[in-house]
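The values are calculated or read from the model by the stated rules, or taken from the named source; none is laboratory data. What you see is a predicted model, and the numbers here were worked out from it, not measured in a lab. Methodologically, a virtual Cβ is constructed for each residue, glycine included, from the backbone with ideal geometry; neighbour enumeration extends over all protein chains shown.
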Amino acid sequence: MDTDVGHVTSLIFGRWRSQVLYAGAELRIFDHLDEERRRSAAEVASVAGVDAQLLYRLMRALSAIDLLDESENHTFRLTSRGALLSSTAENSLLHMALLEEGPEHYALWTHLPAMVRDGKQNAFVRQYGKGAFEYAKENLGYSTVFRDAMSSFSGVQSALALEALKVCDLSSIETWCDVAGGQGHLLCSILCRYPHLHGTVFDQPSVVAESEGLWARKMDVHERCVYEGGDMFADVPHADAYSLKMILHDWNDEECVAILRNIRRRATGVGRLFIVEHIVPGPRDLHFSKLYDVHMMCWGTGRERTEAEYQHLLEASGWKYVGSHYPESRLMGVVEAVGM
């Protein structure tokens, strides 16, 4: 097959792969296998409570995309890639798969052509009559999947952020606030790396009230980390430095400026700011951020941004752009700013 035809054909049928993956994740197939011992589809079906014949066909398809390995006698084991979808894997991708290929996010993409025609983004409103955050408050199932996906992926994101921050001198910072920091994985990772720091995880009261999932005690930094509830559009705690991980991409420019102005107003001393996001590179770079940007078009009012676009937001809200720092992979970046 011609290379170009093969490439486009692969793209056309790409959703088949992700939906096969989703079905395996939803049925928890990856939890019933390991990388050593092989099991038949019938064995897995008996513990998963599903039909053995149809499960075999699904598991065969999972083997076709290198998540399972099928032997000549039709038994299966996990590949190293499939092991990432086990619920017990370190930095498991199970919950991210359940979110991104689950019914809510799947439905959003059907509105993409209409949004581009109309010039109006936010498919969540088109599909459900309300934005994603409002929908999550009213739908526990989606809220739980979203929270678990964000929490499970935090390990990967925190590691990338810490790698990028290596070039920054943080010795003069005493207090650090992670705004909309969720359960606190990023801030707790920073506190582990920099033992002179004390920090505050700031998020909605309902988020920080879920004490069972908070990372400070799990990572043994609870004596230097506090959790505080509030609304970042109204106010944030005082701190020498602030971080925003995967937050500004949720919002349009006006909303971002409002958040950044609140942080600037409360920053002590000169004030330092670190924005952790997928930063859009130049036109010839085949970067994940350009796909993620279309997802954000579907999901809400936000977008992924270039360095120049972040600089514009910073200048409009009282901050001075210092530079952008990247891990080796450049999958994510950290935009650094100081108060003007």
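Key figures for this structure:
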| quantity | calculated |
| --- | --- |
| Count - residues of the range 128-146 that are free of Cβ contacts under 8 Å to residues at least 24 places away in the same chain and closer than 30 Å to L197 by Cα | 0 |
| Odd one out for L99, checked against (1) free of Cβ contacts under 8 Å to residues at least 60 places away in the same chain; (2) of a type outside the set (F, W, Y); (3) under 16 Å from G302 (Cβ atoms); (4) surrounded by 15 or more Cβ atoms within 10 Å (Cβ to Cβ) | (3) |
| Scan of the range 18-27 for residues that are crowded, with 17+ Cβ neighbours inside 10 Å and not small (G, A, S), ordered by number | V20, L21, Y22, L27 |
| Enumeration of residues in the range 111-127 that are outside any loop (DSSP other than H, G, I, E, B), in contact (Cβ under 8 Å) with a residue 24 or more places away in the chain and within 23 Å of the chain's Cα centre (by Cα) | H111, L112, A123, F124 |
| The one condition in (1) in contact with a His (Cβ under 9 Å, 6 or more places away or on another chain); (2) surrounded by 17 or more Cβ atoms within 10 Å (Cβ to Cβ) that A132 fails to fulfil | (1) |
| Strands (runs of 3 or more DSSP E) wholly inside the range 188-306 containing at least 3 residues that are surrounded by 21 or more Cβ atoms within 10 Å (Cβ to Cβ) and not acidic (D, E) | 198-203, 239-245, 267-277 |
| Boolean, S158 is assigned to a loop (DSSP other than H, G, I, E, B), at pLDDT 95 or above and within 18 Å of the chain's Cα centre (by Cα) | no |
| Single match in D34, D4 (criterion: part of a loop (DSSP other than H, G, I, E, B), farther than 25 Å from S143 by Cβ and more than 22 Å from the chain's Cα centre (by Cα)) | D34 |
